[in-house]
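Participant: The structure follows.
What follows is calculated from the coordinates using simple rules that are stated; it is not laboratory data. Because the structure is a prediction, the values reported are computed rather than measured. Every residue, glycine among them, receives a Cβ derived from its backbone with ideal geometry; neighbour counts consider all protein chains shown.
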Amino acid sequence: MLLIISFIFIFYIIYILYQHFYPTPNISPKDKYIFISGCDTGFGHGLAIKLDKQGFNVLAGVFDSDNVTSLREKLTSRATVFRLDITKQEDIEAAFELVTQKTQVLHALVNNAGIVTSGYIDWIQVDTVRQLMNVNFFGHVTMTKRFLPLLIAKRDSRVVNVSSICGFISLPGSAAYCASKYALESFCDCLRREMRPWGLRVSIIEPGTMQTAMTERLEQSLKNVWLQLPNDTRKRWGEQFFDKSFQLVINSAFIRYSEDPEKVIRVLEHAAISTTPYIRYRPGWQSSLFFYPLSILPCWLVDKMFSLGFNACPDGVKHQLLSE
């Protein structure tokens, strides 16, 4: 058995090295249109600039109207930048009309727009869960369905969806975000299998914590969730529990050593323009070396590891134990 495992490991290392030194060629950018949502900052912003420099016709959707002009100034005249809220059907229809005025064939749709909210299930509002699902899941589903006719107008087009490690492992305090990403992952797998006869490629990007605006706002976001809780909920959990949870998150190695977003932009680029894109990409050490291996361990063991990593006790539980 050890010999077989060693052989598999050596073969995998050889395969990785071969891919590194002999990468597959990219497609020609000539007359290729690539639609990217969520280009205000971060991954989408960087990808739009990178693909535009290579000669692709970039169609960049931004959420904030103020970012339309600033991004347009960074791109060539080939690119088209426009306001897009993927939760609004009228915005999607306007984008579809804009795109069809330019082309009837879309090479790639990169669903990158997304939001994140943290907090225990007992802390977050149902409306918050709906909001995350509307952006991170239903928005991407609607975009994909609307632009699917343009994508399957030729073979070898692709849909690239930005998911997360939270699409394959459920982290305490991230229920709403994890639910939206798990749903997206399932949608991607179904889409890939259903559209195989059309030659549509579907890739999923699963990064860990990256140095983005979301990460920078995390500390204040956590405080806001706690401060907006009803008094009875805060009393049930206790200030001490929140303080320990808060310190655990913001001082964790995954936040303190959040990774370079360029790692995600590189794999997005590969998924969009490589002749052989992968089904799943796990950029960075957090996703590939820690969270993915953790996700395939037995559930009881992962539960135990989480409980050992954080042993704070809510005030409500303390009162129950004292009354027994």
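Participant: Which whole-angstrom value gives the distance between the alpha carbon centres of the stretch 103-130 and the stretch 200-271?
Facilitator: Value for the Cα centre distance between the two parts: 14 Å.
Participant: Which percent, nearest 5, of DSSP beta bridges in the stretch 13-136 are antiparallel?
Facilitator: 0
Participant: So how do 226, 300, 123, 285 line up by other beta-carbon neighbours within 10 Å, fewest first? Let's see the in-between values first.
Facilitator: On the way: 226 18, 300 8, 123 21, 285 14.
Neighbour counts put them in this order, fewest first: 300, 285, 226, 123.
Participant: Kirkwood hydrodynamic radius for the stretch 80-238: how many Å is it when counted over pairs of different Cα atoms?
Facilitator: On the way: mean 1/r = 0.0582 Å⁻¹.
Kirkwood hydrodynamic radius for the stretch 80-238: 17.2 Å.
Participant: What's the Cα-based Rg to Rh of the stretch 126-209, Rh via Kirkwood?
Facilitator: Looking at the stretch 126-209, the ratio lands at 1.02.
Participant: What are the aspartates and glutamates whose alpha-carbon lies under 20 Å from the alpha-carbon of residue 244, with same-chain residues fewer than 8 places away excluded?
Facilitator: Those aspartates and glutamates meeting the cut-off are 122, 216, 219, 232, 303, 315.
Participant: Which lysines have a Cα less than 26 Å from the Cα of residue 32, not counting those fewer than 8 places away in the same chain?
Facilitator: Partners within reach: 50, 53, 74, 102, 145, 154, 263.
Participant: Hey, what's the Cα Rg ratio for the stretch 139-181 versus the globular rule of thumb, 2.2 N^0.38 Å?
Facilitator: Computed over Cα atoms of the stretch 139-181, the ratio equals 1.53.
Participant: Turning to a different aspect of this structure: Can you give me the P(r) profile for the stretch 188-324? Cα pairs, bins 5 angstrom wide beginning at 0, each as a whole percent.
Facilitator: Percent of Cα pairs in each bin: 2, 8, 12, 14, 15, 14, 12, 9, 7, 4, 2, 1, 0, 0.
Participant: Can I ask one more? Would you order 140, 270, 319 from fewest to most other beta-carbon atoms within 10 Å of each residue's own beta-carbon? Numbers along the way, then the final one.
Facilitator: Working: 140 26, 270 20, 319 12.
Taking fewest neighbouring Cβ atoms as first place, the list is 319, 270, 140.
Participant: Please report 71, 289 as a ranked list, fewest other C-beta atoms within 10 angstrom at the top and most at the bottom. Numbers along the way, then the final one.
Facilitator: Values: 71 21, 289 12.
If I rank by nearby Cβ atoms, fewest first, I get 289, 71.
Participant: Okay, moving on. Quick check on the chain: of the DSSP beta bridges with both residues there, what percent are antiparallel, nearest 5%?
Facilitator: Percentage antiparallel, nearest 5: 5.
Participant: What nm distance separates the two modelled labels at residue 11 and residue 217, each placed 7 Å from Cα along Cα→Cβ?
Facilitator: Label-label distance for residue 11 and residue 217, simple model: 4.6 nm.
Participant: Hey, what did the chain get for relative contact order, percent, Cα under 8 Å, at least 6 apart?
Facilitator: Computed value for the chain: 17 percent relative contact order.
Participant: Also: Summarise the long-distance tail of P(r) for the chain by giving the % of C-alpha pairs beyond 38 Å.
Facilitator: 21
Participant: Between 0 and 90 degrees, rounded to the nearest ten: what's the tilt of helix 239-250 against the longest Cα principal axis of the chain?
Facilitator: So the helix axis and the longest Cα principal axis differ by about 30 degrees.
Participant: Go through the cysteines of the chain and tell me which have no other cysteine Cβ under 4.7 Å away.
Facilitator: For the chain, the answer is 39, 188, 190, 299, 313, because their Cβ atoms have no other cysteine Cβ under 4.7 Å.
Participant: Also, quick follow-up: Over the stretch 79-156, what number does the Rg to Rh ratio reach, with both radii from the alpha-carbon atoms and Rh per Kirkwood?
Facilitator: Here Rg/Rh amounts to 1.08.
Participant: Right, another one. When only alpha-carbon atoms are used, what values of Rg and Dmax, in angstrom, describe the stretch 12-104?
Facilitator: 15.9, 50
Participant: So how far apart, in nm, are the two label points at residue 153 and residue 297 if each is 7 Å from Cα heading toward Cβ?
Facilitator: If labels sit at residue 153 and residue 297, their model points lie 5.0 nm apart.
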